[in-house]
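Trainee: Take this structure, written in structure tokens, and hold onto it; I'll ask about it next.
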């Protein structure tokens, strides 16, 4: 009996159970890769090669002694009480290390970890972390979510590409050592106040700096990172950039670079700030603003229509200048103006919310408003101040708010919870009655002055945070002057010429950044992604909103929102609009309304438009509505409950999106429509007073539900407090769904009602980027299929598991249930699933990327179920070749296409693949392991490190970025040594290519030069739109172009035989060559 290593006994003693000794593994990596948990592996000589122990609550300390010197794979992750791991000796053969999600506070690596490629150390409690020497092979180091207060990248890490330090306590970062291959540096959610860079990092492509405390970017940032392509800063208050730049989601590198370029031409201190006044109609917003500006009180001030913008240069109480220029946005309080408010609510403003006792209610109130100085009584919808606070915080989560009680003689108490909930500082309700102040009331004047001082303080804080390029300021101010003179619309060409006349050196890229900035601060409107609007710039946004509400006049209101193009033209004429083509301007105005999501055209009336806010309030016949629901859409899809606040704009914008699929049945709070892609009948209804939205369908369609749920989620600014129910009575929050996904729970505790089975809401998570609930978390990973793993499951039961999105269980069941010849394919699928889990947990993949990969794994699992159900084709139960059973063969080839002549590449590959599988060889190919266009990098990486690769050479192969990058990876992983490369390659010439012919070779060189140039031009043009995967494809193309000469020359020297010869006698020659090559490789190991 083999001797048990002492360290294994030590671990078993602590855990209280025996570890499984794994035998006959083709590679030690399989112990970790295929999640053989609580196991270890020794090779034929008894050398300990792999340890995999996770999720033990009793494991507390591990010491790696000399007997561990041969370890290649060590996984001790998710042992929540593991507080000590000590290395008595360096593990010079260790390739893979996972100590994540433990309780480690200190890690000290002695010099000599020369083979280590990946180290996962995240989610510990590390306060100290040291490498005593370099790790020359280390590619990935994950130290995220620890407690590191300091970290300096060490020397001797020549291959380090990915460094994750996010979620620590770093205050200063010093980049002193050369790390030429570092391509990703993740520093988000630290406490960084400074970054000092003393080297160039030519390989760095991605830099994450969100949620830090940097007051400025390093002066040499772009110089030190010359190839940087991705930068995020959201939540980091960069003092030399405006919020409109750094607070954006995603990649802001282009805008930051252009901002710095503009500053390099001359900088101006910003003294301008935006102030927004909101509140119910007639509450006194305009009165307050006029008194602040002019010290004048006007009884019966006319009601504000739409949005009014005015300029104010405030002075201190003794008349001293503040140096501020305030642009005050006075928002009309009547409900039909609310639809456009959200377009101008920004997070870089100071908000004044005015309210009073008379209108602080939810519902209709008889209200006196003034038009042309004359009072009129109207029944207007009013809202409590918490409605306005919710609206502000929806679009301006961190901006200062001043709560102002106007017109009332007495001050009402406001609960402290309101100030806490909406983050209002100071916690004060200011009583400001301008009429009393103007009349000389001393007490009211004192209260007003307290308010005014606090307002000026907040405005000063918001205004002095950054500088602007002097040319940008000149352009901004001149546009405003032109707008004041009556100009409102320019063509894009005229606008670009105007800007580049002021700054002749302004590039098109800088012009794009400037335009986005001016749009964000409300100076202009431009919609580059809307075909009919991208050539238009509206330099007076309030003209646009004025015209919109002129279109939405009493006539449209009387017709329940209905109007046509001719009506818009007439409104423009009535407002003395001078334009050569009023129809064109009317069309543009309609496009703006669509962009604002204010109107729609039904399916049967493409030339008729409906203003959503003027639709009928109800269906009209409740009984008929219930009959229609019962007959047309009897199935409840989901119900949403908004615990605090349901903005009316959420449902109105939903109608704007799906109104084009409706015919006649729509009103302000409900719509029947036919889902365009599926043909499914849908009914959506908003019950505003209950703060609920329901979606009903003719029949259950998960993908339709997923789409509609995701649309509501997006329209609600991705509010995770929203509750969702599949049965209308039991509700869980979106946040709790995400937590359940991480924990692998089968049920979720309900916020309202009974606990909910997670399976009922799989479509909900699918909508948010997950392919259902994969039961992949710590608690759910091993308990759900324990009873199933030891017996064979029918394929129909496994298919059912897949259909229920219980993918991990399905793959585990497949592993036990498929015939032996399919086992390798299931193991490969299991590896992909585990890689997906890890990359999702680390946030490497976007929702969309994770969704695509999950879908592909699902499809591959279903295909394996089908293959397992097919009658066996005399496949042997176990491989009978002496080496084939312990080595893998990879196929690298270009897929077939409809234009091929004679026998297609796909047929040749299929025939050889099936023949080798029948003979018991372990063969892996992309269509059985991963789809091109998905997460192809892992498959490429595995091909590069494979024991033997069969390369099917063709013209399409030599021109394919995927195939040639596979070949590049093979060469790279064999250290660009020609003999080593040749020992692992077996070429098959599907087509004869004369790489030794100069003309032929020149054509291929020209092809790859053009491909690299196309990608380079795209990145230069669209840098702020390019994602990391696309950048990777550019780098791959560049690598192929630079190395095509070597790769083609090596293939030429290897004298590939044609497929016609190799196909003879059931590929006997190629099989003999494979066996000979595998035996040579085995002897050389």
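The values are calculated or read from the model by the stated rules, or taken from the named source; none is laboratory data. Just so it is clear, the model here is predicted, and its values are computed rather than measured. Here Cβ is always computed from backbone atoms with ideal geometry, including for glycine, and neighbour counts include all displayed protein chains.
Trainee: Would you please list the contacts, defined by Cβ atoms under 8 Å and residues six or more apart or on different chains, that run from a residue in region 442-453 that is assigned by TED's automatic domain parsing to the domain that holds residue 288 to a residue that is loosely packed, with under 14 Cβ neighbours inside 10 Å?
Mentor: Here the result reads 449/317; 452/317; 453/317, each pair linking region 442-453 to a residue that is loosely packed, with under 14 Cβ neighbours inside 10 Å.
Trainee: Take residue 386 and tell me if it is surrounded by fewer than 21 Cβ atoms within 10 Å (Cβ to Cβ), touching a strand residue (DSSP E or B) at 6+ places or on another chain (Cβ under 9 Å) and modelled with pLDDT under 90.
Mentor: No, not satisfied.
Trainee: Could I ask something else about it? Determine whether residue 78 is in contact (Cβ under 8 Å) with a residue 60 or more places away in the chain and in a loop (DSSP other than H, G, I, E, B).
Mentor: Considered against the rule, which asks whether it is in contact (Cβ under 8 Å) with a residue 60 or more places away in the chain and in a loop (DSSP other than H, G, I, E, B), residue 78 comes out as yes.
Trainee: Check every one of the strands (runs of 3 or more DSSP E) wholly within region 82-184 and list those with 1 or more residues that are closer than 20 Å to residue 224 by Cα, assigned by TED's automatic domain parsing to the domain that holds residue 233 and touching a residue at least 12 places away in the same chain (Cβ under 8 Å).
Mentor: 162-164, 172-175
Trainee: Out of all the residues in region 38-76, which are surrounded by fewer than 18 Cβ atoms within 10 Å (Cβ to Cβ) and either out of contact with any helix residue (DSSP H, G or I) (no Cβ under 8 Å at 6 or more places or on another chain) or at pLDDT below 90 (or both)?
Mentor: 43, 44, 45, 46, 47, 55, 57, 66, 69
Trainee: I've got another one for you. Between 266, 235, 250, which is within 25 Å of residue 327 (Cα to Cα), within 25 Å of the chain's Cα centre (by Cα) and surrounded by fewer than 17 Cβ atoms within 10 Å (Cβ to Cβ)?
Mentor: The conditions single out 235.
Trainee: Counting only residues that are free of Cβ contacts under 8 Å to residues at least 60 places away in the same chain, out of contact with any strand residue (DSSP E or B) (no Cβ under 8 Å at 6 or more places or on another chain) and surrounded by 18 or more Cβ atoms within 10 Å (Cβ to Cβ), how many does region 578-604 have?
Mentor: Selection size over region 578-604: 2.
Trainee: Would you confirm, using the coordinates I've provided, whether residue 96 is surrounded by 19 or more Cβ atoms within 10 Å (Cβ to Cβ) and under 15 Å from residue 8 (Cβ atoms)?
Mentor: Judged against the criteria, residue 96 is not a match.
Trainee: Among the residues of region 819-831, which ones are crowded, with 18+ Cβ neighbours inside 10 Å and modelled with pLDDT under 75?
Mentor: Those that are crowded, with 18+ Cβ neighbours inside 10 Å and modelled with pLDDT under 75: 821, 822, 824, 825, 827, 828, 830, 831.
Trainee: Among what's in region 322-368 and is over 29 Å from residue 521 (Cα atoms) and surrounded by 19 or more Cβ atoms within 10 Å (Cβ to Cβ), pick the residue that is modelled with the highest pLDDT.
Mentor: 356
Trainee: Here's another thing I want to ask about it. Going residue by residue through region 406-420, is there one that turns out to be in contact with a helix residue (DSSP H, G or I) (Cβ under 6 Å, 6 or more places away or on another chain) and part of a loop (DSSP other than H, G, I, E, B)?
Mentor: no
Okay, residues lined up against (1) touching a helix residue (DSSP H, G or I) at 6+ places or on another chain (Cβ under 8 Å); (2) within 29 Å of residue 101 (Cβ to Cβ); (3) buried (at least 16 other Cβ atoms within 10 Å of the Cβ); (4) modelled with pLDDT of 90 or more:
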position	(1), (2), (3), (4)
696	yes, no, yes, yes
699	no, no, no, no
703	yes, no, no, no
718	no, yes, no, no
729	no, no, no, yes
733	no, yes, yes, yes
736	no, yes, yes, no
740	yes, yes, yes, no
745	yes, yes, yes, no
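Trainee: A further question follows. Of all residues in region 345-400, which are touching a helix residue (DSSP H, G or I) at 6+ places or on another chain (Cβ under 6 Å) and in a strand (DSSP E or B)?
Mentor: 350, 351, 353, 354, 355, 381, listed by residue number.
Trainee: Quick one: which residue in 555, 570 is surrounded by fewer than 19 Cβ atoms within 10 Å (Cβ to Cβ), touching a strand residue (DSSP E or B) at 6+ places or on another chain (Cβ under 9 Å), free of Cβ contacts under 8 Å to residues at least 40 places away in the same chain and not assigned by TED's automatic domain parsing to the domain that holds residue 308?
Mentor: The unique qualifying residue is 555.
Trainee: Can you name the residue in region 648-677 that is assigned to a loop (DSSP other than H, G, I, E, B) and within 21 Å of residue 630 (Cβ to Cβ) and, of all such residues, is modelled with the lowest pLDDT?
Mentor: Only one residue fits best here, namely 664.
Trainee: From (1) surrounded by 21 or more Cβ atoms within 10 Å (Cβ to Cβ); (2) touching a helix residue (DSSP H, G or I) at 6+ places or on another chain (Cβ under 7 Å), pick out the condition that doesn't hold for residue 644.
Mentor: Going through (1) surrounded by 21 or more Cβ atoms within 10 Å (Cβ to Cβ); (2) touching a helix residue (DSSP H, G or I) at 6+ places or on another chain (Cβ under 7 Å) one by one, residue 644 breaks only (1).
Trainee: In this structure, does residue 62 turn out to be assigned to a strand (DSSP E or B) and either under 37 Å from the mean Cα position of the chain (by Cα) or not assigned by TED's automatic domain parsing to the domain that holds residue 119 (or both)?
Mentor: No: the conditions fail for residue 62.
Trainee: Oh, and also: For residue 280, indicate whether it is crowded, with 20+ Cβ neighbours inside 10 Å and at pLDDT below 90.
Mentor: It is true that residue 280 is crowded, with 20+ Cβ neighbours inside 10 Å and at pLDDT below 90.
Trainee: Taking only pairs six or more apart or across chains, which ones have beta-carbon atoms under 6 Å, a first residue in region 194-217 that is on the phi > 0 side of the Ramachandran plot, and a second residue that is surrounded by 17 or more Cβ atoms within 10 Å (Cβ to Cβ)?
Mentor: Within 6 Å, the pairs are 211/188; 211/189.
Trainee: Could you list all residues from region 961-1000 that are on the phi < 0 side of the Ramachandran plot, surrounded by fewer than 18 Cβ atoms within 10 Å (Cβ to Cβ), without any contact (Cβ under 8 Å) to a residue 40 or more places away in the chain and part of a loop (DSSP other than H, G, I, E, B)?
Mentor: 977, 991, 994, 997
Trainee: Exactly one condition in (1) at pLDDT 80 or above; (2) closer than 30 Å to residue 509 by Cβ; (3) crowded, with 16+ Cβ neighbours inside 10 Å is false for residue 949; which is it?
Mentor: (2)
Trainee: Sticking with this structure for a sec: Among (1) under 22 Å from residue 267 (Cβ atoms); (2) touching a residue at least 60 places away in the same chain (Cβ under 8 Å), there is one condition residue 549 misses while meeting the rest; what is its number?
Mentor: Every condition holds for residue 549 apart from (1).
Trainee: Separate question: Surrounded by 15 or more Cβ atoms within 10 Å (Cβ to Cβ) and under 24 Å from residue 59 (Cβ atoms): which single residue out of 115, 137, 119 fits that description?
Mentor: After applying the criteria, what remains is 119.
Trainee: Sticking with this one: Given 274, 311, which one is surrounded by fewer than 21 Cβ atoms within 10 Å (Cβ to Cβ), assigned to a strand (DSSP E or B) and modelled with pLDDT of 85 or more?
Mentor: Values: 274 fails: surrounded by fewer than 21 Cβ atoms within 10 Å (Cβ to Cβ).
Among 274, 311, only 311 is surrounded by fewer than 21 Cβ atoms within 10 Å (Cβ to Cβ), assigned to a strand (DSSP E or B) and modelled with pLDDT of 85 or more.
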